[in-house]
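K.L.:
If you scroll down you'll find the structure; I have some questions about it.
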Amino acid sequence: MITVVDRVAVSTVDAAGTEHAYGHVVVNGDTIRSVGAGPAPAQTGPHTYVDGSGCLLTPGLVNTHHHLYQWATRGFAQDATLFEWLTELYPVWRGLDAGITHAAASAGLARLAVTGCTTAADHHYVFPSEGGDQFDALVGAGGRIGIRLHAVRGSMDRGQSHGGLPPDNLVEDTEAALVATEKAIEDHHDPARSSLIRVAVGPCSPFSVSPELMTGAAELARRKGVRLHTHLAETVDEEEQCQAENGCTPTEYAERLGWLGDDVWLAHTVHLSGDAVKRLGATGTGSAHCPTSNGRLGTGTAPVRDLLDAGAPVGLGVDGAASNEDGGLVAELRQSVVQARQRGGPKAMTFRQALWMATMGGARCLGREDEIGSIEPGKLADLALWRLDGVDHAGITDPVAALVFGPQPPLRLLLVGGRTVVADGELRTAPADDLARELTAASAKLIEVSK
């Protein structure tokens, strides 16, 4: 099926930064066939025509870090530090079952879709012993909503009795976690170019995972040819704990365990020394920058400008809705610019650099820069069409500035591999009322069983 988006402003986010104030894009099936200035060429066969007047067409946004199950526990621990927040929420998450996780993940993915996201990485690391097949519930939600899902099979094996934060009854045995992770890869990972589901390996964090699990997970991921993901350097507390236990910084610890490389992306990386920034850049290690979550928990401001200058891939992340109740992705573009400028002044980041992080930067973190992240012939047709012709954006003559600095624009159309997922601001793959009803019931059940 041919789809033509015509008479539209286009920001391709290609290597040259090509933009068209008045242009077009032609999609053939799941692939971009052409993009250019001026009106679209006439089509002779059956096709769908979209008049993009007053709109901006961008690549679909890429979310590099999330915890979708947390949509069932928004609003908890509102004034807590990260460690306090985790301590309060772990006992609640112990009540997760597959139904709750599926409802929460479905709602979270729906929210991402209506905020322009076509690819999301979700880090799921909570596996209660009576919780059913958590990973299958997550993967099922991805198929239901229809955006690309990088499902990160997380794990924790360091409970409170061994100096970790999670309760002992919420962690897994080390070997059992590795076996389950390998099964998740074998059952669900699809390496195909147009894949909707890929699996990554993701021990939760150095303060909830043993060194044995960290090294075993890295070996497993590389043996199976999948990517690695974990939290790192999020808080000062983590830095102090790592120094006390291991005599080194979190980044040095990660490198010691084989966790730096171009097949790794790390969540947060807020507290990095200059040397650590250089090491991430030199090794091609990616960073998932989560500005709203970092602000909500008061963890600090990541050195994003320094990481970009060092050559490290940097993408944007929403993080779990329990530390970012908005749960949407497009708002993170503005937040990333604001935080960078608070740290380094008004020239520290431009709004076009924020759009790059949300698209090509995220694609690089996930190892998909040849497939998604820019509007170029031959790439997958993951596209977001934003309406900028209303009063909220009137007078902002630069459409990219309007997208990043203005209010969230209405989403006219979201295509994932050429398939319509959102149209005129409404999710078209699942009824929103059903998602809301299921999430409300799931949240109430989780709170009840945690009492």
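The values are calculated or read from the model by the stated rules, or taken from the named source; none is laboratory data. Model, not experiment: these values are computed from the prediction. Please note: Cβ atoms are built from the backbone with ideal geometry, for glycine as well, and neighbour counts cover all protein chains shown. Note: areas computed on protein heavy atoms with side chains; ligands, DNA, RNA excluded. Shrake-Rupley method; radii C 1.70, N 1.55, O 1.52, S 1.80 Å.
K.L.:
I'd like the accessible area for D133, computed on protein heavy atoms only with a 1.4 Å probe and all protein chains in place. Round to 10 Å², please.
P.N.:
Accessible area of D133: about 90 Å².
K.L.:
Next question. Which value, in debye to the nearest 20, gives the size of the charge dipole of region 348-390 about its Cα centre, when Lys and Arg are +1 and Asp and Glu are -1 at the Cβ? All intermediate terms of the calculation are to be shown ahead of the outcome.
P.N.:
On the way: 5 positive and 6 negative charges, 29 e Å.
Its charge dipole is roughly 140 debye.
K.L.:
Based only on Cα atoms, what Rg/Rh ratio does region 328-451 have, Rh being taken as Kirkwood's radius? Please report the intermediate quantities before stating the final value.
P.N.:
Working: Rg = 17.9 Å, Rh = 17.0 Å.
Taking Rg over the Kirkwood Rh, I get 1.05.
K.L.:
I would also like to ask the following. By the scheme Lys and Arg +1, Asp and Glu -1, what is the net charge of all other residues having a beta-carbon under 13 Å from that of A80?
P.N.:
Numbers: positive: R296; negative: D79, E84, E88, D237.
Net of charged neighbours comes to -3.
K.L.:
Sorted from largest to smallest, which semi-axis lengths in Å does the alpha carbon gyration tensor of region 222-372 give for its equivalent ellipsoid, taking the root of 5 times each eigenvalue?
P.N.:
Working: eigenvalues 98, 71, 45 Å².
Over the Cα atoms of region 222-372, the ellipsoid semi-axes are 22, 19, 15 Å.
K.L.:
Using the Cα centre of the chain as the reference point, and only Cβ charges (+1 on K/R, -1 on D/E), how large is the resulting charge dipole? Debye, rounded to the nearest 20. Walk me through the intermediate numbers first.
P.N.:
Details: 36 positive and 55 negative charges, 241 e Å.
Value, rounded to 20: 1160 debye.
K.L.:
Between the helical axis of 174-188 and the dominant principal axis of the chain, each derived from Cα atoms, what acute angle in degrees is found, rounded to the nearest 10?
P.N.:
Helix 174-188 sits at roughly 20 degrees to that axis.
K.L.:
What is the ratio of the Cα radius of gyration of region 265-349 to 2.2 N^0.38 Å, where N is its residue count, to two decimals? It would help to have the intermediate numbers written out before the result.
P.N.:
Details: Rg = 12.2 Å, N = 85, 2.2 N^0.38 = 11.9 Å.
Rounded to two decimals, the normalised Rg is 1.02.
K.L.:
While we're on this one: Between S450 and C248, what is 0.36 nm times their sequence separation minus the Cα-Cα distance? Round to one decimal in nm.
P.N.:
69.0 nm
K.L.:
So, one more: Looking at the chain only, what percent of DSSP beta bridges run antiparallel? Nearest 5 please. All intermediate terms of the calculation are to be shown ahead of the outcome.
P.N.:
Values: 29 of 65 bridges.
That works out to approximately 45 percent antiparallel.
K.L.:
Suppose each label sits 7 Å from its Cα in the direction of the beta carbon; what would the A180-D51 distance come out to in nanometres?
P.N.:
Those two pseudo-labels are separated by 5.4 nm.
K.L.:
Given an 8 Å cut-off on Cα distances and at least 6 residues of separation, report the relative contact order of the chain as a percent.
P.N.:
Contact order relative to length: 21 percent.
K.L.:
Taking the chain as the reference, fit the longest principal axis to its C-alpha atoms, fit the long axis of helix 134-145 to the helix C-alpha atoms, and give the angle between the two in degrees, 0 to 90, nearest 10.
P.N.:
10 degrees
K.L.:
For region 381-437, what are Rg and Dmax over the alpha carbons, in angstrom?
P.N.:
Spelled out, the Cα radius of gyration and Dmax of region 381-437 are 13.3, 41 Å.
K.L.:
Could you give the length gained on full extension between A42 and E84, defined as 0.36 nm per residue of separation minus the Cα-Cα distance, in nm?
P.N.:
On the way: separation 42, 0.36 × 42 = 15.12 nm, distance 6.01 nm.
Fully extending the segment from A42 to E84 adds 9.1 nm.
K.L.:
Still on this structure, I have one more. Please give the contour-minus-distance gain from A394 to V338: 0.36 nm per residue of separation, less the Cα-Cα distance, rounded to one decimal in nm. Show your work: numbers first, answer last.
P.N.:
Details: separation 56, 0.36 × 56 = 20.16 nm, distance 2.18 nm.
Additional length available on full extension: 18.0 nm.
K.L.:
A follow-up question, please. Determine by what factor the alpha-carbon radius of gyration of the chain differs from 2.2 N^0.38 Å, reporting the quotient.
P.N.:
Values: Rg = 21.0 Å, N = 451, 2.2 N^0.38 = 22.4 Å.
For the chain, the normalised Cα radius of gyration comes out at 0.94.
K.L.:
Using the Kirkwood radius over Cα pairs, work out the Stokes-Einstein diffusion coefficient for region 77-189 at 20 °C and 1.002 mPa s, in µm²/s as a whole number. Intermediate results must be reported in sequence, preceding the final value.
P.N.:
On the way: Rh = 15.0 Å.
Stokes-Einstein gives a translational diffusion coefficient of 143 µm²/s.
K.L.:
Please list the equivalent ellipsoid semi-axes of region 179-249, computed as the square roots of five times the alpha-carbon gyration tensor eigenvalues, in descending order and whole angstrom.
P.N.:
On the way: eigenvalues 165, 32, 16 Å².
So the three semi-axes of region 179-249 are 29, 13, 9 Å.
K.L.:
Right, here's the next one. Using a/c under 1.5 as the rounded threshold, could you call region 23-134 rounded, prolate or oblate? The axes a ≥ b ≥ c are square roots of the C-alpha gyration tensor eigenvalues, and prolate needs a/b larger than b/c, oblate otherwise.
P.N.:
Working: a/c = 4.03, a/b = 2.61, b/c = 1.54.
Taking the square roots of the gyration eigenvalues as a ≥ b ≥ c, region 23-134 is prolate.
K.L.:
I would also like to ask the following. At 222 nm, what value in deg cm²/dmol follows for the chain if DSSP H runs of at least 4 each add -39500 (n - 2.57) and the sum is divided by all its residues, to the nearest 500?
P.N.:
On the way: 15 runs with 161 residues, N = 451.
Taken over the chain, the calculation gives -10500 deg cm²/dmol.
K.L.:
Follow-up. For R144 and D424, what is the calculated FRET efficiency with R₀ set at 30 Å and r taken between the beta-carbons, to the nearest 0.05? Could the numbers behind the result be given before it?
P.N.:
Working: r = 20 Å, r/R0 = 0.68.
Step by step, r from the Cβ atoms, then E = 0.90.
K.L.:
While we're on this one: Using modelled amide H (1.01 Å from N, peptide plane; none on Pro or chain starts), what sits under 5 Å from the amide H of A267, excluding residues fewer than 5 places away?
P.N.:
T230, H231, L232, A288
K.L.:
Now, a different point. How many Å² of accessible area per residue for region 81-236, probe 1.4 Å?
P.N.:
Numbers: 4840 Å² over 156 residues.
For region 81-236, the solvent-accessible area averages 31 Å² per residue.
K.L.:
How much net charge surrounds R153 when only other residues with a Cβ under 13 Å from its Cβ are counted (Lys, Arg +1; Asp, Glu -1)?
P.N.:
Numbers: positive: K183, R198, K224, R227; negative: D122, D133, D136, E172, E182, E186, D187.
With Lys, Arg at +1 and Asp, Glu at -1, the neighbours total -3.
K.L.:
When every alpha-carbon pair in region 338-380 is counted, what percent end up more than 12 Å apart? Walk me through the numbers before you get to the answer.
P.N.:
Details: 556 of 903 pairs.
So the pairs more than 12 Å apart make up 62 percent of the total in region 338-380.
K.L.:
Treating the Cα atoms of region 33-81 as identical point scatterers in vacuum, please give the log10 of the normalised Debye intensity I(q)/I(0) at q = 0.18, 0.22, 0.31, 0.32 Å⁻¹, two decimals.
P.N.:
Values returned for q = 0.18, 0.22, 0.31, 0.32 Å⁻¹ are -0.81, -1.03, -1.35, -1.36.
K.L.:
Then there is this: Note down the relative contact order for region 1-75 as a percent, whole number, built from C-alpha pairs under 8 angstrom at least six residues apart.
P.N.:
Here the relative contact order equals 36 percent.
K.L.:
What is the angle, in °, between the Cα long axis of helix 432-449 and the longest principal axis of the Cα atoms in the chain? Nearest 10 is fine, range 0 to 90.
P.N.:
10 degrees
K.L.:
How far apart, in nm, are two points set 7 Å out from the Cα along the Cα-to-Cβ line at M1 and at D326?
P.N.:
Placing both labels 7 Å beyond Cα along the Cβ direction yields 3.2 nm.
K.L.:
Considering all alpha-carbon pairs of region 139-196, what whole percent are spaced by more than 19 angstrom?
P.N.:
Values: 752 of 1653 pairs.
Result for the distance tail: 45 percent.
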